[in-house]
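Read the structure below first, then the notes.
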């Protein structure tokens, strides 16, 4: 059974399938050297979610956030500090759009105090963000400290703003997004260059990140998972 009306040949279902196939293909190439084909597959996985959101009349903020995320994926598929900063900037802007989308669609920050489970998750998110700042501050170069700190604040804002929604797919996606970003930072800055853990960490980042984007996308397009 397909999630959108029509069979597999329907534009929405075909686009979703294309995205899923690209995500699986990239998962098998994560440990390979960077190539144009590898970058293209990684970029297409989330770019197709942006196309899907556009086809289904999703909020423009969702379409734009997914498109910026795909650009960020393209940057991060390359090596070098400039590529990393390009990816950081793209995802920073994407998180800003997600914050605006979640706050516009949610029930207000007051929900965090009205429902204890939301407040509890928010506290965990804040502790997680502070731990990231503390761990990374001494490990990144002086030029990256401010950008990384601003980015951590952005992902914290994204996570907390998602808690104003009653759509568990979106909330789950935001939580997975934060987890993937934390693991990516640990793999890039905290794990020793020769650590055997770097391999599984790279796979785990993608395993968390793509379902995060997929969950947020389907949460808005299918309007399911609501309390």
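Tabulated data
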quantity	calculated
Selection status of residue 94, at pLDDT 95 or above and surrounded by fewer than 17 Cβ atoms within 10 Å (Cβ to Cβ)	no
Residues located in segment 14-54, provided they are assigned to a loop (DSSP other than H, G, I, E, B) and either free of Cβ contacts under 8 Å to residues at least 24 places away in the same chain or touching a helix residue (DSSP H, G or I) at 6+ places or on another chain (Cβ under 8 Å) (or both)	28, 29, 30, 31, 32, 33, 35
Selection status of residue 108, in contact (Cβ under 8 Å) with a residue 12 or more places away in the chain, loosely packed, with under 15 Cβ neighbours inside 10 Å and either touching a strand residue (DSSP E or B) at 6+ places or on another chain (Cβ under 7 Å) or over 25 Å from residue 41 (Cα atoms) (or both)	yes
Considering residues of segment 132-170 that are under 19 Å from the mean Cα position of the chain (by Cα) and without any contact (Cβ under 8 Å) to a residue 40 or more places away in the chain only, the residue farthest from residue 103 (Cα to Cα)	133
Restricting segment 189-208 to residues that are without any contact (Cβ under 8 Å) to a residue 12 or more places away in the chain and either in contact with a strand residue (DSSP E or B) (Cβ under 9 Å, 6 or more places away or on another chain) or not in a loop (DSSP other than H, G, I, E, B) (or both), the residue that is farthest from residue 65 (Cα to Cα)	197
Pick from segment 3-13, criterion exposed (fewer than 14 other Cβ atoms within 10 Å of the Cβ) and touching a residue at least 24 places away in the same chain (Cβ under 8 Å), ranking: farthest from residue 211 (Cα to Cα)	11
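The values are calculated or read from the model by the stated rules, or taken from the named source; none is laboratory data. If you're wondering where the values come from, they're calculated on a predicted model, not measured in any experiment. Cβ coordinates were reconstructed from backbone atoms using ideal geometry, including for glycine residues, and neighbour counts include every protein chain displayed.
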